[in-house]
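> Here's a structure for you.
The values are calculated or read from the model by the stated rules, or taken from the named source; none is laboratory data. Owing to the predicted nature of the structure, the values given are computational and were not obtained by experimental measurement. For neighbour counting, all protein chains shown are included, and Cβ atoms are generated from backbone atoms with ideal geometry for every residue, glycine included. Please note that ligands, DNA and RNA were not included when accessible areas were found on the heavy atoms of the full protein model with its side chains. Shrake-Rupley method; radii C 1.70, N 1.55, O 1.52, S 1.80 Å.
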Amino acid sequence: MMAWRVHEYGPPNVMNFERIPRPDPGPGEVLVKVKAAGVGPWDGWIRAGQGALPEPLPLTLGSDLAGEVVAVGPGVSQPLVGQQIYGVTNSRFVGAYAEYALASAAMVASKPASLSPIEAAGVPVVAVTARQALFDHAKLTTGQTVLIHGAAGSVGVYAVQLAHQAGLHVIATASAGDAALVRELGADTVIDYRTGRFEGSVRDADAVIDLVGGDTQKRSFQVLRRGGRLISAVSEPDQDLARRHGVEAAFFLVEVTTRELAAIARLIDDGKLRTGAGVVMSLADARQAHLMLEGMSPRPKGKIVLATLPL
């Protein structure tokens, strides 16, 4: 089979599209005939050797995927064979940029019936990240106020929708060009981060969901009420700043599970979550996708998805 391999850490040119043996599933694993694989910034971090977990080389890049289960390993229910699934490969977030991929059976679920494989491959990590940030880590409940940074990004669009459905007051930062979309998804207030400073108009928020990092994250402490929470999916917040402002602050790594994916699939099929890939490319063009991730080529809006199917 063909797969995108990394034998040394570095920029996109370290990626090699090469033929390797098709793997066999081990205990708790399924073998997936990949129809599409999502591309996310974490793939670039892993390629560059900056991932959250150590990755032995060589490795096959990619985590998000959608496709058909063609074989199962010991301890996995046989009825999974032939099932159309979506999800994540494993806790190391590697292996999906390939014609066949191994995935943990505990990290995949039936694909949303209303989505194509290409659409489904863009959902798992970003949708589950949004849900866990809001409810598992920020612990938000109906009637509270949340400020979501990067609201038009691939995680942000899900965070806005989920927050709105939960009855939260949603304040979002986005560009002026994305403001209409973010409002349509459920934001009560949209602040143009290019022309306005959110800390000038936001006070006593119960939580900030940081999907941007950097200076935006640092400025966010002052908009929280005492006892509020800043939750980042990007970088570790400054704990000294958190103590100074009397708030909690944490960085988290998403934990994708079959249960989480099944719940997201139900929301999608019930018409409660809007989805959509930003740009679809061939699996053979994965290096170009990473050039986009790094800003070396024009970056499209939305999620990048690699398709093994003919485009």
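> Restricting to the range 10-28, and then to whatever is assigned to a loop (DSSP other than H, G, I, E, B) and either under 18 Å from residue 285 (Cβ atoms) or in contact with a helix residue (DSSP H, G or I) (Cβ under 9 Å, 6 or more places away or on another chain) (or both), can you tell me which residue is most open to solvent (accessible area, probe 1.4 Å)?
11
> Quick one: would you say residue 87 is assigned to a strand (DSSP E or B) and closer than 16 Å to residue 39 by Cα?
yes
> So if I check each of 57, 31, which one is touching a residue at least 40 places away in the same chain (Cβ under 8 Å) and either surrounded by 14 or more Cβ atoms within 10 Å (Cβ to Cβ) or not in a loop (DSSP other than H, G, I, E, B) (or both)? Steps first, answer last, please.
On the way: 57 fails: either surrounded by 14 or more Cβ atoms within 10 Å (Cβ to Cβ) or not in a loop (DSSP other than H, G, I, E, B) (or both).
Selected residue: 31, the only one of 57, 31 that is touching a residue at least 40 places away in the same chain (Cβ under 8 Å) and either surrounded by 14 or more Cβ atoms within 10 Å (Cβ to Cβ) or not in a loop (DSSP other than H, G, I, E, B) (or both).
> Still on this structure, I have one more. Out of the strands (runs of 3 or more DSSP E) lying entirely within the range 221-311, which hold 1 or more residues that are at pLDDT below 95 and either out of contact with any helix residue (DSSP H, G or I) (no Cβ under 7 Å at 6 or more places or on another chain) or not aliphatic (A, V, I, L, M) (or both)?
On the way: elements: 224-232, 248-251, 279-282, 304-307.
In the range 221-311, 279-282 are the strands (runs of 3 or more DSSP E) which contain 1 or more residues that are at pLDDT below 95 and either out of contact with any helix residue (DSSP H, G or I) (no Cβ under 7 Å at 6 or more places or on another chain) or not aliphatic (A, V, I, L, M) (or both).
> Give the range 289-308 a look and list any residue that's open to solvent by 70 Å² or more (accessible area, probe 1.4 Å) and either among the polar types (S, T, N, Q) or touching a residue at least 24 places away in the same chain (Cβ under 8 Å) (or both), or say none.
Answer for the range 289-308, where residues must be open to solvent by 70 Å² or more (accessible area, probe 1.4 Å) and either among the polar types (S, T, N, Q) or touching a residue at least 24 places away in the same chain (Cβ under 8 Å) (or both): 294, 296, 301.
> Just to verify a result, which residue in the range 201-220, among those that are among the acidic types (Asp, Glu) and out of contact with any helix residue (DSSP H, G or I) (no Cβ under 9 Å at 6 or more places or on another chain), is modelled with the lowest pLDDT?
215
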